[in-house]
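A quick write-up on the structure given underneath.
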Amino acid sequence: MAKKVSNTRLVKATLLALWFTLKNLLRKPVTIQYPLIKRPLPERWRGGTFALTIDPETGEENCIGCKLCEKICPSEIITVEMEKHSGRGWAKSFILDLQACIQCELCVQVCPTDAIVMLHSMETPTTRREDLILDKDKLEANGKLYHAAWATGLKLQRLHEPKKPSVISR
């Protein structure tokens, strides 16, 4: 009796799969020919990779070498070496290893100068592991190639500020 039940279930499953195939056989495919046709990314898309920003007015880098991004990173993938000259801190070296990055965006949120940002781009494929280790030069080049996502550190910090109570006049 048990063999008969399993055979019935097998026939039912096969017919259901065949029905599904026949139903979708004449349907137009939804495949997009990627390099030629690109889907628009959502407005709040963040991901893929990072960039170091440069002040457009002065042409200087925004990173002051405070190491907050290095300290907050749960994956410990950011290494910043700081140097001081001209009365301000600079990032002598900035290394970000994307191989272990969990895209948590904490480094972006904590940055007091909006120096590190996530990019509004998905087009960063690679075939070599070395390409996933971003040094300061690669990060600055990313900032010139792609535009930053909507979420910068200062914007995100303002979102977390408590709302001021409204004053009720009597």
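Filtering the stretch 31-70 to residues that are closer than 22 Å to A100 by Cβ, basic (K, R) and touching a residue at least 24 places away in the same chain (Cβ under 8 Å) leaves only R46.
Take the residues in the stretch 74-91 that are loosely packed, with under 13 Cβ neighbours inside 10 Å and of a type outside the set (G, A, S), then tell me which one is farthest from E61 (Cα to Cα). Here the answer is P74. Residues that are closer than 22 Å to I77 by Cβ and among the basic types (K, R) within the stretch 131-160 comprise K136, K138, listed in sequence order.
Take the conditions (1) surrounded by fewer than 18 Cβ atoms within 10 Å (Cβ to Cβ); (2) in contact (Cβ under 8 Å) with a residue 24 or more places away in the chain; (3) out of contact with any helix residue (DSSP H, G or I) (no Cβ under 7 Å at 6 or more places or on another chain); A115 misses just one of them, which is (1). Listed by position, the helices (runs of 4 or more DSSP H) contained in the stretch 55-163 that have at least 1 residues being at pLDDT 90 or above are 68-72, 106-110, 136-145.
There is no residue in the stretch 36-50 that is in a helix (DSSP H, G or I) and within 17 Å of V108 (Cβ to Cβ).
The values are calculated or read from the model by the stated rules, or taken from the named source; none is laboratory data. None of these values were measured; they are calculated from a predicted model. Note that each Cβ is placed from the backbone with ideal geometry, even for glycine, and that neighbours are counted across all protein chains shown.
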